[in-house]
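Contents: one structure, followed by commentary.
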There are 2 protein chains.
Amino acid sequence: MADIPARTEIERTEIGVTTGPIRGSRKVHVAARTGSGVRVAMREIDLEGGEPSLRVYDTSGPYTDPNAAIDINAGLPQLRREWIMGRGDVEEYDAREVKPEDNGQLGPDRSGGVPQFPSVVKRPLRAKAGANVSQMHYARKGIITPEMEYVAERENLGREQIAQDRDGQSWGAEIPDFITPEFVRDEVARGRAIIPNNINHPESEPMAIGRNFLVKINANIGNSAVASDVANEVDKMVWSIRWGADTVMDLSTGRNIHDTREWIIRNSPVPIGTVPIYQALEKVGGIAEDLTWEIFRDTLIEQAEQGVDYFTIHAGVRLPYVPMTAKRVTGIVSRGGSIMAKWCLAHHKESFLYERFDEITEIMKAYDIAYSLGDGLRPGSIADANDEAQFAELYTLGELTKRAWEQDVQVMIEGPGHVPMHKIKENMDKQLEACGEAPFYTLGPLVTDIAPGYDHITSGIGAAQIGWYGTAMLCYVTPKEHLGLPDRDDVKVGVVTYKLAAHAADLAKGHPAAKVRDDALSKARFEFRWRDQFNLSLDPDTAEQYHDQTLPAEGAKTAHFCSMCGPKFCSMKITQEVRDFAAKQNSDSYLASENIKRETSPQEAEEAEKGMEEMSEVYREKGEKLYLPEG
Amino acid sequence: MADIPARTEIERTEIGVTTGPIRGSRKVHVAARTGSGVRVAMREIDLEGGEPSLRVYDTSGPYTDPNAAIDINAGLPQLRREWIMGRGDVEEYDAREVKPEDNGQLGPDRSGGVPQFPSVVKRPLRAKAGANVSQMHYARKGIITPEMEYVAERENLGREQIAQDRDGQSWGAEIPDFITPEFVRDEVARGRAIIPNNINHPESEPMAIGRNFLVKINANIGNSAVASDVANEVDKMVWSIRWGADTVMDLSTGRNIHDTREWIIRNSPVPIGTVPIYQALEKVGGIAEDLTWEIFRDTLIEQAEQGVDYFTIHAGVRLPYVPMTAKRVTGIVSRGGSIMAKWCLAHHKESFLYERFDEITEIMKAYDIAYSLGDGLRPGSIADANDEAQFAELYTLGELTKRAWEQDVQVMIEGPGHVPMHKIKENMDKQLEACGEAPFYTLGPLVTDIAPGYDHITSGIGAAQIGWYGTAMLCYVTPKEHLGLPDRDDVKVGVVTYKLAAHAADLAKGHPAAKVRDDALSKARFEFRWRDQFNLSLDPDTAEQYHDQTLPAEGAKTAHFCSMCGPKFCSMKITQEVRDFAAKQNSDSYLASENIKRETSPQEAEEAEKGMEEMSEVYREKGEKLYLPEG
């Protein structure tokens, strides 16, 4: 522990992005037990009081590793490069030329734009003619890739340390006690999980999205209007993954988006998703009717070469479904959905995304890009939940899933929006049925419309539930939803809210090791190991800050009481007496046992040494009263 | 609308407490349709664009009524005094003398304490010998009280305005389309609902807690260590009810608690609950073993005379259950529970609360105080959820419920704590079975232990679910839970979080009028009536503030676009085109219809008049990009 700074550097450093370990923890690299040499990054939280340290799933990449040299101008190490090349099925080729419209009509000299990424890839990879480089393709051929090994080790985290007292309601999920690389392969082969990792994003640390794995979360980021500081753009991604985002969607529009995306991907250890229609729309000056298959296709290639790991494609917004939205309270709220609806109406034609779907799939398999089939008709209000338009699109997404799978291309399905609690499960059930158990990826859902300013919570409630029912990844919502653009604090609150919702879902599903962290934290709480309690939490900085607002003295971190009950009376201490009592008696004979003594116990004497008097004084000054009887 | 100030006074005024209407709304008093003269306070939100105004349930009392004269030295008007006296079954008598120990050993001169309430009641009311003044007693005799009438009108809110398109999963609740006073009477008679209102708290506006009524929320407050400013103590209550607390529990301990409680009750329009064992413990210097029935009984009388509306009584913590907690991860976390456990262990005796239960009930019925049977053995961690100790106590609470009902005393049952999602419903099911459908009143539950600092959210997730399953009242949790004492902002966040959770539960249960507010807000959102969207939200101030951080210009409040998509592309506008299209075509012939024109529509022209150019400029400066595709 000597190597860990007492305080985490959570401000951006001179490197330009946020670095430094998350408080109280250190980066470890765990060798896969297959002995293949794959080493998986994890975070280890050291505890006090002789408690064993706890390893937790870590999305933060090298940024939280004090031993890693971070240089956003160079990008991250290419963890997967050798694995990709070693399969012998890819070729380098001359990249498509970057055009002015790629960056929102920024001139050729790019003045006013962000700088180009210094070592931009001029020769990207693609599958050799006739080859298919998707993880699904390998899986179906029976090949266990290093990516699958990585995922297995990463997901297994802690499962050996615990007695497998499975306890949960999994709603039909098949979560194994232990995850083997073969299990990962099988899930990917069946389409029940995806490992999104474009061969042109070798910097990514493989992760799986699927109902039988840990529930994942996504954070959305977007570029600033004046993107002069590219580090600021990269830091949005770094900040999101620091707090637990498993994937990041870059939803940038306007100028500089091609170059900004390059900076983000080269520095991202998590999969990056995009909605290519946004950029395609920019290329036609924002006029949806002017979109063409050729422009869209060119955009897919552009982003494929950069390394985008999954594409949201709204191919389920079919012409016949558009009029179904006419009577809705909030119509079409998906931006991609409304773009395609407008195109369909304007041309009186079926969507080119739907008609060209197999051609899109051809591109996806050449780079191993996963589909995130967009829910362009998702409900934007409680009134519109689970309506005809929504489910018509869902069943089309199911049809497209099967078509993608015919070419061994990985697929997940986007869902919800605004859905009251009693209608959430129907979404999951229909998705499982329609889409052959392809992973579900949902926004929230928000369970009421009446709390703008608190929609991270209205949606966190729905997210926890749909995660429990089987959704594989939850797209976060920030407190600014419906109102404005999130700032740094909003992003953190959104990520942590979704992290706790995903974890609650893992617990309820009976994920074997999920409870380990809850138990460790609760034990720390019970034993007044305040620092451990902070460090085990999803947001140690906020936990400590809140504690210190009431009891700021350093001694309060070891005091055997808290601000809720104060030193005079403590329910935790009473439980200790109950335990002592139970240890002396068996429960049948306790009535005959001798009286509990009121003398000072050794524990109490120890507390006195720790400055009980001083703490009592602090406590009296700060307010000795409780608002809540919860200990 | 001319009478409504543009901005709400949300800071405390010279009166000492927070007054002024909630933004965009006004207090109305609605005569009960029975014609009895009962008038029910509600809040009416006026809308723009020709939309009808919307009435919402209002807990805030006269403090949000600009026409009410607020004087905390005088207390609130005694709304119920005539009703109580009119029944002819009460008598005045000389109050118990206030003793030094009532205020935590404050000296007889009360120096250093808060001032005594100026017009303190010297002659409180109690039932005449042989009489029973509980609402349940009247209900069982077939009497519809004005309190029941008030509740019926209050709960009916908006139900006539809407088509009764019931839509929900009520899990066996029997929510009528329309609530009559007779329905209220019947629910109270059956014990399925309570109307907590001590005859010595005539200032309260009657409200019901029951599975077939709107889900309610409780906020806890506690006194400050240095309570020199009594207005500050009263304002904690006023602030909580402003944002929607249906009841308030005063969990104060230490000095000044008797006098502080008097100030709070005299100024509270909502029922006040307490945990009398806290004060009893103060009276014996914090030594649980020294508690006696006599001291406890005296405390009940003291608080009964002041007007406390419900008492948390931990009579289910029986001696045989205490050893069941020995192996828990977090033992006994309820303060009341641990006090009683310690007492039982120390004396090797059954709890005096259990043994004297019928005597307690005698007191309750003389004042119409409701039981809130405390869950002293609730789980304090995920590991301890639904264990033997917890359910042993619950079944005892069921037994006690029936004993209280034998004397026609109203009862609700306290529950949860920390419970993972898959174990929540079992709590509700067992409670319904064990306690004969007496209302359930739960803390959260928190669905994971790992997010201190965010426990309003971990518990809001559980609260929404258990509320949906049938819990009648949800006890709020603030972000400071487990860490420190909540401040004013924390209280507001806690209340709003629980309000949205309760509303989500109402929606999911299919409460007839719950969706009206969601629909009104979503319609406002869709039509870019920004002010209406703010005013219809649970927290208009925060909603507007968040909006203004991105688009502060006053013109942005009427702009037909938002910061998510910006003026160039707006999904809401596209939906309008879909509607126009659908209006011209029936959905069978849309393929043959003429092309949608790209010319400027009348709506677009109008927007231009509203300063589109100016707004676009603002938008560009502030950041034209979206983080989230949600409209």
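Starting from the Cα of residue B:128, draw a straight line to each of the aspartates and glutamates and keep only those under 12 Å, dropping any in the same chain fewer than 8 residues away.
Once the sequence-local aspartates and glutamates are set aside, what remains near residue B:128 is B:89, B:91, B:92.
Would you work out the charge dipole size for segment A:302-383 about its Cα centre, treating the Cβ of every Lys and Arg as +1 and the Cβ of every Asp and Glu as -1, and quote it to the nearest 20 debye?
Details: 9 positive and 10 negative charges, 144 e Å.
Magnitude of the dipole: close to 700 debye.
Rounding to the nearest 20 debye, state how big the charge dipole of segment B:195-294 is about its Cα centre with +1 on each Lys and Arg Cβ and -1 on each Asp and Glu Cβ.
Here segment B:195-294 has a charge dipole of around 360 debye.
Place +1 on the Cβ of every Lys and Arg and -1 on the Cβ of every Asp and Glu in segment A:433-488, take the dipole about the Cα centre, and give the residue among A:479, A:435, A:447 whose Cα lies farthest towards its positive end.
It is A:479, whose Cα lies furthest towards the positive end.
Can you tell me how segment B:210-312 classifies by the Cα gyration tensor, rounded, prolate or oblate, using a/c under 1.5 as the rounded cut? Walk me through the intermediate numbers first.
Working: a/c = 2.17, a/b = 1.37, b/c = 1.58.
Oblate, because a/c is 1.5 or more while a/b does not exceed b/c.
Please report, for residue A:67, the nm distances (one decimal) from its label point, 7 Å out from Cα along the beta-carbon direction, to the equivalent points in the remaining copies, shortest first.
7.4
What are the aspartates and glutamates whose alpha-carbon lies under 13 Å from the alpha-carbon of residue A:236, with same-chain residues fewer than 8 places away excluded?
Of all the aspartates and glutamates, those that pass the test against residue A:236 - Cα under 13 Å, at least 8 places apart if same chain - are A:11, A:250, A:487, A:489, A:490.
What relative contact order, as a whole-number percentage, does segment B:234-341 give when Cα pairs under 8 Å and 6 or more residues apart are counted?
25 percent
Share of Cα-Cα pairs in segment A:177-260 beyond 15 Å, in percent?
Details: 2308 of 3486 pairs.
I get 66 percent for the Cα pairs in segment A:177-260 exceeding 15 Å.
Please compute, for peptide B:509-516, the average count of beta-carbon atoms on other protein chains lying within 10 Å of each residue's beta-carbon.
Per-residue shielding by partner chains comes out at 2.
Going from the alpha-carbon gyration tensor of segment B:264-372, what semi-axes, largest first and in whole Å, does one get by taking the root of 5 times each eigenvalue?
The answer is 25, 15, 13 Å, longest axis first.
Give me, ordered by chain and number, the residues 5 or more places off residue A:415 or on other chains with an amide H under 5 Å from its own placed amide H.
Hits under the 5 Å cutoff: A:441, A:442, A:443.
What shape does segment A:67-155 take by its C-alpha gyration tensor, where a ≥ b ≥ c are the square roots of the eigenvalues and a/c under 1.5 counts as rounded, a/b above b/c as prolate, and the rest as oblate?
Oblate, since a/c reaches 1.5 and b/c is not below a/b.
Set the bar at 25 Å for Cα to Cα. Now go through A:327/B:515; A:430/A:509; A:216/B:515; A:423/B:515; A:216/B:430 and name every pair that lies beyond it.
From the list (A:327/B:515; A:430/A:509; A:216/B:515; A:423/B:515; A:216/B:430), the Cα-Cα distance tops 25 Å for A:216/B:515; A:216/B:430.
Provide an ascending nm list, one decimal, of label-point separations from residue A:171 to the equivalent residue in each further copy; define each label point as 7 Å from Cα along Cα→Cβ.
1.5
Working from the alpha-carbon coordinates of segment A:49-206, get Rg over Rh, Rh being the Kirkwood radius.
Dividing the radius of gyration by the Kirkwood radius yields 1.06.
Dividing the alpha-carbon radius of gyration of segment B:391-450 by 2.2 N^0.38 Å (N being the number of residues), what value is obtained?
1.18
Compute the distance from the alpha-carbon center of segment B:388-403 to that of segment A:291-356, in whole Å.
58 Å
Could you pull the copy-to-copy label distances for residue B:182, with points set 7 Å along Cα to Cβ, in nm to one decimal and sorted shortest first?
Spacings between copies for this position, smallest first, are 7.0 nm.
Quick one: grab Rg to one decimal and Dmax as a whole number for segment B:235-286, Cα atoms only, in Å.
11.8, 37
Pairs to check: A:349/B:523; B:499/B:523; B:402/B:425; A:425/A:523. Give those whose C-alpha atoms are more than 25 Å from each other in this structure.
A:349/B:523; A:425/A:523
What is the Cα coordinate range of segment A:482-528 on the first, second and third principal axes, sorted by size from largest, in whole angstrom?
Reported extents, whole Å, longest axis first: 40, 29, 12.
Relative contact order, percent, of segment B:290-404 when contacts are C-alpha pairs under 8 Å separated by at least 6 residues? It would help to have the intermediate numbers written out before the result.
Details: 153 pairs, mean separation 44.0, N = 115.
Normalised by residue count, the contact order of segment B:290-404 is 38 percent.
Which chymotrypsin sites (Phe, Trp or Tyr not before Pro) in segment A:144-218 pass both tests, a DSSP loop state and at most 14 other beta-carbon atoms within 10 Å? Walk me through the numbers on the way to the answer.
Values: sites: A:150, A:171, A:178, A:183, A:213; in loops: A:171, A:178, A:213.
Taking segment A:144-218 and a limit of 14 other Cβ atoms within 10 Å, the loop chymotrypsin sites (Phe, Trp or Tyr not before Pro) found are A:178.
If you put +1 on each Lys and Arg Cβ and -1 on each Asp and Glu Cβ, how big is the dipole of segment B:405-545 around its Cα centre, in Debye rounded to 20? Kindly include the intermediate steps, with their values, before the conclusion.
Values: 14 positive and 21 negative charges, 99 e Å.
The calculation lands at about 480 debye.
When you look at the Cβ of every residue in A:460-468, what mean number of other chain Cβ atoms sits within 10 Å?
Taking the mean over all residues of the peptide, I get 5.
Quote the relative contact order of segment A:396-473 in percent (integer), defining contacts as alpha-carbon pairs under 8 Å separated by 6+ residues.
Answer for segment A:396-473 is 32 percent.
Where a ≥ b ≥ c are the square roots of the eigenvalues of the C-alpha gyration tensor, would you call segment B:447-543 rounded, which needs a/c under 1.5, or, failing that, prolate if a/b is larger than b/c, or oblate? Each step should come with its number before you reach the end.
Working: a/c = 2.69, a/b = 1.40, b/c = 1.92.
Cα axes put segment B:447-543 in the oblate bin.
Each reported figure results from applying straightforward, stated rules to the coordinates on display, with no laboratory input. For clarity, every value in this text was computed on a predicted model and none was experimentally measured. Heads up, the Cβs are rebuilt from the backbone with ideal geometry, glycines too, and the neighbour counts pull from every protein chain shown.
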